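Okay, structure first, notes after.
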Amino acid sequence: MKHLTHLMMLLSLAAPLPALAEDIEAAVAAIRQLGALNGQALACAEKAAAARAKVLMLAHSPKTARFGAAYEEATQEAYLAQTRASGTCPDAKALDGTLNDVAQKLQATLPIAPPAAK
C-alpha cells in the first residue's frame, strides 16, 4: 500500500510536465525573437532599440546557458541576414513597435518577479 501511495504521488507530480515543456519552449521562442530584433537593430545602427532589447533580455530571461545561447544565436543570425539584405532597414518606430510586441510576449511567458521585501 505504501508503494502505491508513492507511485500515485509521483504520477501526480509528473502530470504537469508536458505543459511545463511547452511553456519553456514558448519562453525560448520569445527570447529568440528578442535576439533577432537585437541583431537587426545592431545591423541597422539603431542603438536605442538594441539597448532596449538587452534590457528586456536581462530583466526577463532566466540566467541559463539555454536562454543565453538562444538570444546570442538569434542575434548573430539576424545581424548577418540584415547585413546581407538589400540595405533596407526598418525605421526606429517600426523596431520599437515590434519590441513592444515582444515585451508583451515576454511578460506573459517570463514575467519579471517582484523584488523581494527586505
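Results, tabulated for the structure shown:
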quantity	calculated
Exposure proxy ranking, count of Cβ atoms within 10 Å, fewest first, for 66, 52, 84	84, 66, 52
Within-15-Å neighbourhood charge of residue 107 [Cβ basis; K, R +1; D, E -1]	0
Ranked list, fewest to most other Cβ atoms within 10 Å of each Cβ, for 46, 22	22, 46
Potential extension, residue 94-residue 112 segment - 0.36 nm per residue separation minus Cα distance	4.0 nm
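A short reminder: the numbers here are calculations on the coordinates, not readings from a lab. This one's a predicted model, so the numbers in the text were calculated from it and none came from an experiment. Please note: Cβ atoms are built from the backbone with ideal geometry, for glycine as well, and neighbour counts cover all protein chains shown.
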